[in-house]
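Contents: one structure, followed by commentary.
The values are calculated or read from the model by the stated rules, or taken from the named source; none is laboratory data. Model, not experiment: these values are computed from the prediction. Note that each Cβ is placed from the backbone with ideal geometry, even for glycine, and that neighbours are counted across all protein chains shown. Calculation scope for accessible area: heavy atoms of the full protein, side chains included, ligands and nucleic acids excluded. Shrake-Rupley method; radii C 1.70, N 1.55, O 1.52, S 1.80 Å.
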Amino acid sequence: MSSKKPGPVIPTKDELLAFIAAHGGEAGTREIARAYGLKNADRATLKTMLRELADEGRIARRKKKLHHAGTLPNVVLADVTGRDADGGLIAVPADWDEEESGPAPKIRLHIPHKARPADIPRVGDRALLRTEEVEEEDGIRHRGRPIKVLERDKHRALGVFRALPEGGGRLVPVEKRSLGRELPIRAGDTLDARDGDLVAVDVQKHGRFGHTSVKVKERLGSLASERTVSLIAIHAHGIPHEFSKAVLAEAEAARPATLEGREDWREVPFVTIDPADAKDHDDAVFARTDSAADNPGGFVIDVAIADVAAYVRPGTAMDREALERGNSVYFPDRVVPMLPERISNDLCSLRPAEDRPALVVRMVIDADGRKRSHSFHRVLMRSIAKLHYAQAQAAIDGQPDDTTTPLLPLVLRPLYDAYAALKKAREERSPLDLELPERKILLKPDFTVDRVIVPQRLDAHRLIEEFMILANVAAAETLERAKTPLVYRVHDEPTLEKLSALREFLATLDISMPKAGALRPVQFNRILARVKGKDSEGLVNEVVLRSQAQAEYASENYGHFGLNLRRYAHFTSPIRRYADLIVHRALIRACKLGRDGLPEGADVAALGEIAARISAAERRAMAAERETVDRLIAHHLADRIGATFKGRVAGATRSGLFVKLDETGADGFVPASTLGRDYYRYDESQHALIGDATGESWRLGDTVTVKLVEAAPVAGALRFEILSDGRIETRRGTRGRERPRREIARKGPKGSNGPKRPGATRGQKRR
């Protein structure tokens, strides 16, 4: 008689908590299921139990791993908020999500005795901390040692100086939240600032209820001169924009690389394909049919990336400056580069007919676009042509020019044929496919706005994107195989809370979403496909975007949800991203391609600190770029007060509506108090403001007509009055019919410009 093997035993909640505690941040759903031998239906039960523990506040999910609620990673970006009873500094995590993880845990700072004053944070500073869990004292169970002070609060403010006839002046703040709070400046405290100058001032309050004194400490330029709008964001966010003499000296001393220690690839007909206005060219591509008999229909793809590591060595002045900047910052009127132009626009720019050092990844794919193998090479290469996207696309579409005609048979057509194969693999992988057009500001010669366009998305763009994604995957795979530490590009899956909110919203459109099991990008894509071409398409794309996490850098891998990739690293832009430079150095070390690779002392912990810093720098750059666009468009519209515009509701809050104009993509605010006679309540599940008495509503994605009633160019703020009527909601909460036009006495506009729009509701997240 055969005995039946007993099945797996599902752990109790207490056993789950014990397992999570014992594995200190290394436990995810997969690890728990493997440890207990759970499969299929048992895994679904496990996920339900973990969700219940999270709802009870007993555990928290971070980077796909489970922790006891309130625990912290080893390295954290934190804001110093105050002092304890003994005068010790207290900090809290800067990016803590209280809705997801409960109240932010406090961190008691430990300052080493030999710490330099510059390395000791003060209240109000933001700092990078190495944390550890200690015995709880006064409700605090985390201790942090400062690694670096990233932002020093100098109690400074930025604004525009407005001179007064009697002497002295007033400061018009540049921040939206400070609108209306102009500050007086005494005659002796102006530093000879002129009317219209952008100035930095010290702001001090005298006594608890005393007056505020303002003193100009720095004149940053006149707003009447060219290219000063982006200066506001540069100084407001503390973006380093001037290179030191030591950095410039190192850059000027650099000499062109030679063939020594490199393979000679100068006969490979690489081409660069970039935007028409690109000044640096850090990637070049080539493809050919694979001649191997066992790979019919396959291709060999070469992606060459500028060898920045050959010029920027670890520990040098250029390296320290590049880490401080983290990335290049792109404004409509200027670029703040990560590296000096001698490096970025000269020695590392893959110009045609010039020898350039590069790191090349050669990838073999099959007819269905699946990668069969890859290898990395350190080479000397020579691009044969510099193309822009529209130029390459026109050639393939039958309109070649003098440059592209000779390139068509041996260079361009094989590139597009290889891309056609990669498209098959992409469709099978099914990454998140959001349709969110990005606008581009075109400037006049005087750097004012000419017009705003939505550039056409071409196959040439997609070709380069797919080649770069494949190269990035190859870099991560090689480094993992060699057990070399690296900085990953990671993107977490949506939280349970955001998925629940998305599910409720989609239900109002009669779209269902699975309630159990882990969601994959393909399921989001099916939802997006259902609304393709419908009025709700833009709305659903926007709400799905808002349900996603933000991509970031990390020394520990938890995958890239949006691209649906298990491992991914940025390798393709070391001229403008420090993360890519780290990956280049790691590859040089792992593949034994030279002695200038990642230092042996660079371990996972050290790279974790770097990842936190460059993630913060990326968020800083995104905020600065966004605010500059807002200011430029506000300047552009400032003389059109009273004009009417078509737009869409881009956000709804308790305070009012955010409206994005169709013409320019500009965002403005409509205070709830100006909507009509009704009292409007915010319905989070429907992303709408709904009138109590009438049922009139304005919802995310609704088409509206608005009148511009106020523009504050310095702050980049616009205020609208809504002229359209809303919709009448049905009892079931579905959209219902649109209301007919009616004449109603709307309340006059209030003086407030409304709160600053939360960053999470704006723009597409970076990959």
Q | Close pairs (8 angstrom Cβ cut-off, 6 or more residues apart or separate chains): closer than 26 Å to Phe669 by Cα and part of a helix (DSSP H, G or I) in the stretch 161-186, at pLDDT 80 or above and of a type in the set (A, V, I, L, M, F, W, C) anywhere | A | Lys176/Ala712; Lys176/Ala715; Lys176/Ala717; Ser178/Ala715
Q: Could you tell me which of the residues Ser512, Ser500 is among the hydroxyl-bearing types (Ser, Thr, Tyr), in a helix (DSSP H, G or I) and surrounded by fewer than 19 Cβ atoms within 10 Å (Cβ to Cβ)?
A: Ser500
Q: Please find, among Tyr553, Tyr558, the residue that is part of a loop (DSSP other than H, G, I, E, B) and either among the hydroxyl-bearing types (Ser, Thr, Tyr) or free of Cβ contacts under 8 Å to residues at least 60 places away in the same chain (or both).
A: Tyr558
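For (1) open to solvent by 20 Å² or more (accessible area, probe 1.4 Å); (2) among the basic types (Lys, Arg); (3) under 20 Å from Ser244 (Cα atoms), each residue gets a yes or a no:
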{"site": "Val312", "(1), (2), (3)": "no, no, yes"}
{"site": "Gly315", "(1), (2), (3)": "yes, no, yes"}
{"site": "Leu323", "(1), (2), (3)": "yes, no, yes"}
{"site": "Tyr330", "(1), (2), (3)": "yes, no, no"}
{"site": "Asp333", "(1), (2), (3)": "no, no, no"}
{"site": "Asn345", "(1), (2), (3)": "yes, no, yes"}
{"site": "Ser349", "(1), (2), (3)": "no, no, no"}
{"site": "Ala358", "(1), (2), (3)": "no, no, no"}
Q.
Among the numbered criteria (1) part of a loop (DSSP other than H, G, I, E, B); (2) under 30 Å from Asp333 (Cβ atoms); (3) of a type in the set (A, V, I, L, M), which one does Val670 miss?
A. (1)
Q: Name the residue, out of Arg356, Arg288, Arg266, that is part of a strand (DSSP E or B) and more than 32 Å from the chain's Cα centre (by Cα).
A: Arg288
(Q) Considering only residues that are of a type in the set (Val, Ile, Thr), modelled with pLDDT under 90 and within 23 Å of Lys646 (Cβ to Cβ), which ones fall in the stretch 704-732? (A) Ile728
Q: Kindly indicate whether Gly238 is touching a Gly at 6+ places or on another chain (Cβ under 9 Å), assigned to a loop (DSSP other than H, G, I, E, B) and either under 30 Å from Arg351 (Cβ atoms) or modelled with pLDDT of 80 or more (or both).
A: no
(Q) For Gln764, only one of the following conditions fails: (1) in contact with a helix residue (DSSP H, G or I) (Cβ under 7 Å, 6 or more places away or on another chain); (2) at pLDDT below 85; (3) open to solvent by less than 20 Å² (accessible area, probe 1.4 Å); (4) within 30 Å of Leu499 (Cβ to Cβ). What is its number? (A) (3)
(Q) When the residues of the stretch 391-419 are narrowed to those that are free of Cβ contacts under 8 Å to residues at least 12 places away in the same chain and assigned to a helix (DSSP H, G or I), which ends up nearest to the chain's Cα centre (by Cα)? (A) Ala394
Q.
Which count do you get for residues in the stretch 272-310 that are among the β-branched types (Val, Ile, Thr), surrounded by fewer than 23 Cβ atoms within 10 Å (Cβ to Cβ) and touching a helix residue (DSSP H, G or I) at 6+ places or on another chain (Cβ under 7 Å)?
A. 2
